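Colleague: Got a structure for you, questions after.
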Amino acid sequence: MSALAFVLVFSAAVAHAAWNVIAHGISRAGFPFLWWGAVASTVIWSVAIPFTGGLGTDDIRGFLLGVLVSGVLHVGYMLVLQRGYQVGNLSTVYATARGSGPFLSVLIAMLILGERPSPTALVGVGVLIAGIIAIGLVDRVGADPVSGRRGMDPGILFGLLTGVTIAVYTIWDAFAVRQWSLSPVAFMVGTAALQIPFYSVAVRRRWAAVRALGRRQWRRIVAFGVLSPLSYILVLQAVTIAPVALVAPLREVSVVLVSLFGAFVLREGRPGWRVAASVVVVGGIALLAV
């Protein structure tokens, strides 16, 4: 992987970890938060379109098809992710999603896009994903406080479902940006804008709650509106110069940051396990950088 692609993806990981920490803090607001997130992302980044190559293509139909499909896929991703944050620990949901998502992305990229990473890169992918899954399995079981029975942490289930949506939108978005030579900024703005009608329907009887959330949490909403699109714009730029099979796993260095935040700030359990698994992730990243 080139140095430029590596820097782009690493920067995306930092931005992604930051917005997930922010989202976890107000995720219980549900659809009002998602509505504000889509609006903030669209408004803030639309200003940058004229300075980043416009649409990047003259194929308007290709652009519209790309953002329409991506918008629907991202709505599904956000719905599952936010539900996971409501029922599970931040580290469990986030790491399980970010481990299963790139694993599926690598398989699909090799089978459908015809990508063939080097043997060393594939070993790095395997090590990285193993570390991510290890972080996600720290809280793999939970006890029912009433019956005392132990079962699968619901955060694992929603993490895996989120991973499926991550793989699907990652492959589609990479295909769209490459196929129609779309500008990553315009593509991300279009995707965010198309999510607004979905969330508007969801909050149609809760506008008072939407306004109240905007007044209370406007700083977090603005931060989300900057960081969430930024994290993916950098990834979309990276997939134009590097294989999806390498970009998708490498962006998950954000798992290390989120896991450490969960352990030392939120006081989630087994910090030693989380740190050890994070070291494994870093080892995988080192192999990808070779």
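Colleague: When the residues of region 71-90 are filtered to those that are farther than 23 Å from residue 222 by Cβ and under 16 Å from the mean Cα position of the chain (by Cα), which remaining residue is surrounded by the most Cβ atoms within 10 Å (Cβ to Cβ)?
Modeller: By that ranking, first place goes to 84.
Colleague: What are the pairs with Cβ atoms under 7 angstrom where one residue, in region 26-38, is under 20 Å from residue 230 (Cβ atoms) and the other, located anywhere, is modelled with pLDDT under 75? Sequence gap at least six, or different chains.
Modeller: What qualifies is 33/27.
Colleague: Another one. Determine, yes or no, whether residue 136 is within 30 Å of residue 287 (Cα to Cα), modelled with pLDDT under 75 and of a type outside the set (A, V, I, L, M).
Modeller: On the way: within 30 Å of residue 287 (Cα to Cα): yes; modelled with pLDDT under 75: yes; of a type outside the set (A, V, I, L, M): yes.
Spelling it out, residue 136 is indeed within 30 Å of residue 287 (Cα to Cα), modelled with pLDDT under 75 and of a type outside the set (A, V, I, L, M).
Colleague: Let me ask you something else. Between 226, 275, 255, which is among the β-branched types (Val, Ile, Thr) and open to solvent by less than 10 Å² (accessible area, probe 1.4 Å)? Reasoning before the result, please.
Modeller: Values: 226 fails: open to solvent by less than 10 Å² (accessible area, probe 1.4 Å); 275 fails: open to solvent by less than 10 Å² (accessible area, probe 1.4 Å).
Exactly one of 226, 275, 255 is among the β-branched types (Val, Ile, Thr) and open to solvent by less than 10 Å² (accessible area, probe 1.4 Å), namely 255.
Colleague: If you go through region 171-212, how many residues are buried (at least 23 other Cβ atoms within 10 Å of the Cβ) and out of contact with any Gly (no Cβ under 9 Å at 6 or more places or on another chain)?
Modeller: Of the residues in that region, 3 qualify.
Colleague: If you don't mind, there's one more thing I want to ask. Kindly evaluate residue 26 against the criterion of being open to solvent by less than 50 Å² (accessible area, probe 1.4 Å) and more than 20 Å from residue 262 (Cα to Cα).
Modeller: On the way: open to solvent by less than 50 Å² (accessible area, probe 1.4 Å): yes; more than 20 Å from residue 262 (Cα to Cα): no.
Against the criterion (open to solvent by less than 50 Å² (accessible area, probe 1.4 Å) and more than 20 Å from residue 262 (Cα to Cα)), residue 26 does not qualify.
Colleague: Evaluate the following for residue 51: is it of a type in the set (Phe, Trp, Tyr) and free of Cβ contacts under 8 Å to residues at least 60 places away in the same chain?
Modeller: On the way: of a type in the set (Phe, Trp, Tyr): yes; free of Cβ contacts under 8 Å to residues at least 60 places away in the same chain: yes.
Answer is yes for this residue.
Colleague: Scan region 7-22 residue by residue and report those that are out of contact with any Ser or Thr (no Cβ under 8 Å at 6 or more places or on another chain) and either acidic (Asp, Glu) or open to solvent by less than 10 Å² (accessible area, probe 1.4 Å) (or both).
Modeller: Of everything in region 7-22, just one residue is out of contact with any Ser or Thr (no Cβ under 8 Å at 6 or more places or on another chain) and either acidic (Asp, Glu) or open to solvent by less than 10 Å² (accessible area, probe 1.4 Å) (or both), namely 9.
Colleague: Additional query: Yes or no: region 112-122 includes at least one residue that is buried (at least 21 other Cβ atoms within 10 Å of the Cβ), without any contact (Cβ under 8 Å) to a residue 60 or more places away in the chain and either assigned to a helix (DSSP H, G or I) or of a type in the set (Val, Ile, Thr) (or both).
Modeller: Looking through region 112-122, none of the residues is buried (at least 21 other Cβ atoms within 10 Å of the Cβ), without any contact (Cβ under 8 Å) to a residue 60 or more places away in the chain and either assigned to a helix (DSSP H, G or I) or of a type in the set (Val, Ile, Thr) (or both).
Colleague: Give me the helices (runs of 4 or more DSSP H) completely within region 182-271, filtered to those with at least 1 residues that are without any contact (Cβ under 8 Å) to a residue 60 or more places away in the chain, ordered by residue number.
Modeller: On the way: elements: 184-202, 207-216, 218-238, 244-250, 254-264.
Hits in region 182-271: 184-202, 207-216, 218-238, 254-264.
Colleague: Scan (1) touching a residue at least 40 places away in the same chain (Cβ under 8 Å); (2) more than 30 Å from residue 265 (Cα to Cα); (3) of a type outside the set (A, V, I, L, M, F, W, C); (4) open to solvent by 60 Å² or more (accessible area, probe 1.4 Å) for the single condition residue 61 breaks and write down its number.
Modeller: Condition (1) is where residue 61 drops out.
Colleague: With 288, 266 as the choices, which residue is at pLDDT below 90 and open to solvent by 50 Å² or more (accessible area, probe 1.4 Å)?
Modeller: Working: 288 fails: open to solvent by 50 Å² or more (accessible area, probe 1.4 Å).
Residue meeting the stated conditions: 266.
Colleague: Another one. Starting from region 153-170, keep only residues that are farther than 25 Å from residue 244 by Cβ and open to solvent by 60 Å² or more (accessible area, probe 1.4 Å), then list their pairs with residues that are charged (D, E, K, R) and not in a helix (DSSP H, G or I) whose Cβ atoms are within a distance under 6 Å, requiring at least 6 positions of separation or different chains.
Modeller: none
The values are calculated or read from the model by the stated rules, or taken from the named source; none is laboratory data. Computed from a predicted structure; not experimentally measured. Note: ideal-geometry Cβ built from the backbone for every residue, glycine included; neighbour counts use all protein chains shown. Each accessible area value is taken on the protein alone, full model and side chains, heavy atoms only, with ligands, DNA and RNA left out. Shrake-Rupley method; radii C 1.70, N 1.55, O 1.52, S 1.80 Å.
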